[in-house]
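Notes follow the structure.
Nothing in this text is a laboratory measurement; each read-out follows from the coordinates by a stated rule. The structure presented is a predicted model; accordingly, all values stated were derived computationally and were not measured. Cβ coordinates were reconstructed from backbone atoms using ideal geometry, including for glycine residues, and neighbour counts include every protein chain displayed.
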Ligand SMILES: CC(C)(COP(=O)(O)OP(=O)(O)OC[C@H]1O[C@@H](n2cnc3c(N)ncnc32)[C@H](O)[C@@H]1OP(=O)(O)O)[C@@H](O)C(=O)NCCC(=O)NCCS
């Protein structure tokens, strides 16, 4: 399959809630997705042959001390390990047109940590006490050397 990344539109909202198991249960996550779509901060991944049906999404904003930040990258369970997460993040990096970009994930999130290592992200600090016993790790990538 060939995957395309495009900016999310309001009609994608339902699909993104299905893609994201947290959003199915969490009002806050649904509000976060809706806000990101309305602000133009959300991009979706679709099969080129089925461009109306997102199978993953990623968000990009400047919520981290004013720096470019990727707060969410989610790929549906059924489409993981096909290179979609990598493609979404690479697209967000290009969209930022920044010199550096930040993201974060829980220490326990091996898939995301491996993905970030593969894309050249470096460790940029730790925030304790968000999720008990599972520190939030901050990562940064230099985009313009
Ligand atoms: C993290 C996530 C976005 C990765 O998406 P994905 O499309 O499956 O990732 P990719 O197929 O692009 O994988 C790229 C690389 O990441 C690493 N990776 C991805 N999933 C992995 C896993 N389960 N175990 C170990 N490494 C993994 C590998 O290095 C992989 O490269 P390879 O397949 O050539 O070995 C996906 O697992 C996900 O949606 N997780 C739940 C949401 C989440 O935790 N998001 C991150 C914080 S917001």
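Filter segment 78-99 down to the residues that are touching a residue at least 40 places away in the same chain (Cβ under 8 Å) and within 8 Å of the ligand (Cβ to nearest atom) and list them by number.
82, 83, 84, 87, 88 - these are the residues of segment 78-99 that are touching a residue at least 40 places away in the same chain (Cβ under 8 Å) and within 8 Å of the ligand (Cβ to nearest atom).
Which of the residues spanning segment 16-50 are over 15 Å from the mean Cα position of the chain (by Cα) and over 19 Å from residue 89 (Cα atoms)?
Passing the criteria: 18, 24, 25, 26, 27, 28, 31, 38, 49, 50.
Please work out which residue is surrounded by the most Cβ atoms within 10 Å (Cβ to Cβ), limiting yourself to segment 100-127 and to residues that are more than 13 Å from the chain's Cα centre (by Cα), within 13 Å of the ligand (Cβ to nearest atom) and within 10 Å of residue 139 (Cα to Cα).
The selected residue is 121.
Testing residue 12 on (1) touching a strand residue (DSSP E or B) at 6+ places or on another chain (Cβ under 7 Å); (2) closer than 18 Å to residue 105 by Cβ, one condition comes back false. Which one is that?
(2)
Within segment 35-49, which residues are exposed (fewer than 13 other Cβ atoms within 10 Å of the Cβ) and within 22 Å of residue 80 (Cα to Cα)?
48, 49, listed by residue number.
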